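The values are calculated or read from the model by the stated rules, or taken from the named source; none is laboratory data. A quick note: this is a predicted structure, and the numbers were derived from the prediction, not measured. Every residue, glycine as well, gets a Cβ built from its backbone with ideal geometry; the counts of neighbours run over all protein chains shown. Heads up: the accessible areas ignore ligands, DNA and RNA and are worked out on the full protein's heavy atoms, side chains in. Shrake-Rupley method; radii C 1.70, N 1.55, O 1.52, S 1.80 Å.
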Amino acid sequence: MKNQAAWDFAQKYSAKKMGQIGIFLIVFSSSKFIFGDKYEILFNFLPLFLAVVLLFFLTEKAIKDKF
């Protein structure tokens with residue numbers, strides 16, 4: 001990080017986004033009960049991987065826009 005203010009901003013911003021993404025993941029992963037275990041990798045690992053990538057890019061974009 002360039003400075004402490006950027007670090008503090010990134011921590012707060014990413015924590016809020018993690019909460020939002022976490023709610024989405026809970027709802028999305030619970031849909032596997034409808035479709036069964038046949039698509040387990042689709043409903044568990046792929047959304048988690050995409051959420052991590054999305055969180056990284058959103059946080060980096062917010063830091064670049066603010067600082």
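What pairs come out if I take residues in the stretch 42-58 that are more than 12 Å from Phe28 (Cα to Cα) and pair them with residues that are charged (D, E, K, R) whose C-beta lies under 8 Å away, six or more apart or interchain?
Leu55/Lys17; Leu58/Lys17
Report every pair of residues separated by at least 6 positions or lying on different chains whose Cβ atoms are under 9 Å apart, first residue within the stretch 1-12 and on the phi > 0 side of the Ramachandran plot, second modelled with pLDDT of 95 or more and basic (Lys, Arg).
Listed pairs, sorted by first residue: none to list.
Report the residue count in the stretch 1-12 for those that are among the small types (Gly, Ala, Ser) and surrounded by 12 or more Cβ atoms within 10 Å (Cβ to Cβ).
Going through the stretch 1-12, the residues among the small types (Gly, Ala, Ser) turn out to be 5-6, 10.
Pick out the ones that are also surrounded by 12 or more Cβ atoms within 10 Å (Cβ to Cβ) and you get 6, 10.
Total satisfying the criteria: 2.
So, Phe67, is that one in contact (Cβ under 8 Å) with a residue 24 or more places away in the chain and more than 17 Å from the chain's Cα centre (by Cα) or not?
On the way: in contact (Cβ under 8 Å) with a residue 24 or more places away in the chain: yes; more than 17 Å from the chain's Cα centre (by Cα): yes.
For Phe67, the condition - in contact (Cβ under 8 Å) with a residue 24 or more places away in the chain and more than 17 Å from the chain's Cα centre (by Cα) - is met.
Name the single residue that is least open to solvent (accessible area, probe 1.4 Å) among those in the stretch 13-33 being among the hydroxyl-bearing types (Ser, Thr, Tyr) and in contact (Cβ under 8 Å) with a residue 40 or more places away in the chain.
So, considering only residues that are among the hydroxyl-bearing types (Ser, Thr, Tyr) and in contact (Cβ under 8 Å) with a residue 40 or more places away in the chain, the one least open to solvent (accessible area, probe 1.4 Å) is Ser14.
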